[in-house]
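Peer 1: A single structure is presented below for examination.
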Amino acid sequence: MTNLRALLQMPVPELENFQEWKLWWQRYFSQLDEQGRTQTLEQAFVMGSLSDRFAWAFSCGYQWAIRSLLPAFQQNPGLMALCITEEKGGHPRSIHARLTADQDGYRISGHKRFVSGGSDADLLFVALNTGEEQNGRPVLKMAAVDAGSDGIIFNNMPALPMIPELAHAMIDFDNVSLSEEELLTGDGYQNYIKPFRLQEDMHVQAAVLGMLARKSQDLNQPELVETAIALFSILETCWERGECPQTHLAIGGMAPLLKNLLETFIATLPSPEEQQIWKRDTALLSIAGKARKIRLQKAREWLVS
């Protein structure tokens, strides 16, 4: 871990919009060496501690989660976004954006929703339906697509009721050209969509814990600082262990502890308005709660089998 005492004393930038956050991200990223860029969970905590609001902490965690999932892209400084969700959700059977082969490689056509970062994203990882099925399930692939490619049309969505500073977009892919090199190896669901859920949970939580540690330090709440650091240590062990039942059990055990930490921290905030903003934005951590419960239940069943 970076010198924690120095980290919690570093000045926190005041960023008014997502474009300012993107510039800050790029400056910070450019100062890291290659090894530093591989320590994705630590970087999420560090950048979270330098975030003055929930939207920026989430954005930091999200960017490092993608880099943890995709080591080949860890040295890429651009903003990245996963394009999975469509009109009926993100379940494999709800993914209809189509990958088709042609004489020059492939073509992409389809529609995606809730793309984090909106039109500020530089590199898109797009979940695609190949039109084939295996064991009764659609075969999906993942492609890395330059956001500036011909045929990509961004339409910003209305601000979400939580973290409204972070833009989300709908994207239309109109016969976008794709080379063989831009098609990622392996199954789109098993290798990318499914494992990303855990990576996103861990990295966003790490960034939130970094922010809580810093803000608790500023409010002279040492017990909250210590709790945030302890929970981050659990996350570090989970990240090093990787996806397995023990990891899901530990993440499940952390959930009520993180919830209690957030509630206690919010109660210490001096301004009712700030308390309300935090209550609004922490609702983000409840998204995909159903999938988390399923993973935890499977881990519990494994434990007694």
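The values are calculated or read from the model by the stated rules, or taken from the named source; none is laboratory data. In this text the structure is predicted, and so the values were computed from the model without any measurement. All Cβ positions, glycine included, derive from the backbone under ideal geometry; neighbour counts span all protein chains shown.
Peer 1: If I ask for residues that are part of a helix (DSSP H, G or I), of a type outside the set (D, E, K, R), without any contact (Cβ under 8 Å) to a residue 40 or more places away in the chain and within 21 Å of PRO161 (Cα to Cα), which ones from the range 278-305 would you list?
Peer 2: Hits for the range 278-305 are SER286, GLY289.
Peer 1: Mind checking which helices (runs of 4 or more DSSP H) fall wholly inside the range 21-138 and carry at least 1 residues that are among the hydroxyl-bearing types (Ser, Thr, Tyr) and surrounded by fewer than 17 Cβ atoms within 10 Å (Cβ to Cβ)?
Peer 2: 34-38
Peer 1: Further question on the same structure: Report every pair of residues separated by at least 6 positions or lying on different chains whose Cβ atoms are under 7 Å apart, first residue within the range 114-135 and under 16 Å from HIS96 (Cβ atoms) and without any contact (Cβ under 8 Å) to a residue 24 or more places away in the chain, second polar (S, T, N, Q) and buried (at least 22 other Cβ atoms within 10 Å of the Cβ).
Peer 2: none
Peer 1: Now for a different question. What residue, of LEU212, LEU166, is surrounded by 20 or more Cβ atoms within 10 Å (Cβ to Cβ), in the same structural domain as ASP52 (by TED's automatic domain parsing) and closer than 22 Å to ALA283 by Cβ? Give the derivation first.
Peer 2: Values: LEU166 fails: in the same structural domain as ASP52 (by TED's automatic domain parsing).
Result: LEU212 is the single residue among LEU212, LEU166 that is surrounded by 20 or more Cβ atoms within 10 Å (Cβ to Cβ), in the same structural domain as ASP52 (by TED's automatic domain parsing) and closer than 22 Å to ALA283 by Cβ.
Peer 1: All but one of (1) at pLDDT below 95; (2) closer than 19 Å to GLN19 by Cα; (3) touching a strand residue (DSSP E or B) at 6+ places or on another chain (Cβ under 6 Å) hold for MET170, so report the exception by its number.
Peer 2: (1)
Peer 1: From the list GLY78, GLY61, GLY48, which one is at pLDDT 95 or above and in contact with a Gly (Cβ under 6 Å, 6 or more places away or on another chain)?
Peer 2: Among GLY78, GLY61, GLY48, only GLY48 is at pLDDT 95 or above and in contact with a Gly (Cβ under 6 Å, 6 or more places away or on another chain).
Peer 1: Limited to the range 203-261, what total is found for residues that are of a type in the set (D, E, K, R), under 18 Å from the mean Cα position of the chain (by Cα) and within 15 Å of ARG5 (Cα to Cα)?
Peer 2: Residues in the range 203-261 being of a type in the set (D, E, K, R), under 18 Å from the mean Cα position of the chain (by Cα) and within 15 Å of ARG5 (Cα to Cα): 0 in total.
Peer 1: Search the range 41-68 for residues being within 10 Å of the chain's Cα centre (by Cα) and of a type outside the set (Gly, Ala, Ser), and hand back the single one that is nearest to LYS194 (Cα to Cα).
Peer 2: ILE66
Peer 1: What do you reckon, is SER216 hydroxyl-bearing (Ser, Thr, Tyr), within 19 Å of LEU50 (Cβ to Cβ) and at pLDDT 95 or above?
Peer 2: In short, yes.
Peer 1: Keeping to the range 215-259, report how many residues are under 28 Å from PRO11 (Cβ atoms) and loosely packed, with under 15 Cβ neighbours inside 10 Å.
Peer 2: Here the count works out to 8.
Peer 1: Then there is this: Failed condition for GLU200, given (1) surrounded by 16 or more Cβ atoms within 10 Å (Cβ to Cβ); (2) at negative phi; (3) assigned by TED's automatic domain parsing to the domain that holds GLU87, with all others met?
Peer 2: (3)
Peer 1: All but one of (1) part of a loop (DSSP other than H, G, I, E, B); (2) in the same structural domain as VAL204 (by TED's automatic domain parsing); (3) polar (S, T, N, Q) hold for GLN9, so report the exception by its number.
Peer 2: Of everything listed in (1) part of a loop (DSSP other than H, G, I, E, B); (2) in the same structural domain as VAL204 (by TED's automatic domain parsing); (3) polar (S, T, N, Q), GLN9 misses just condition (2).
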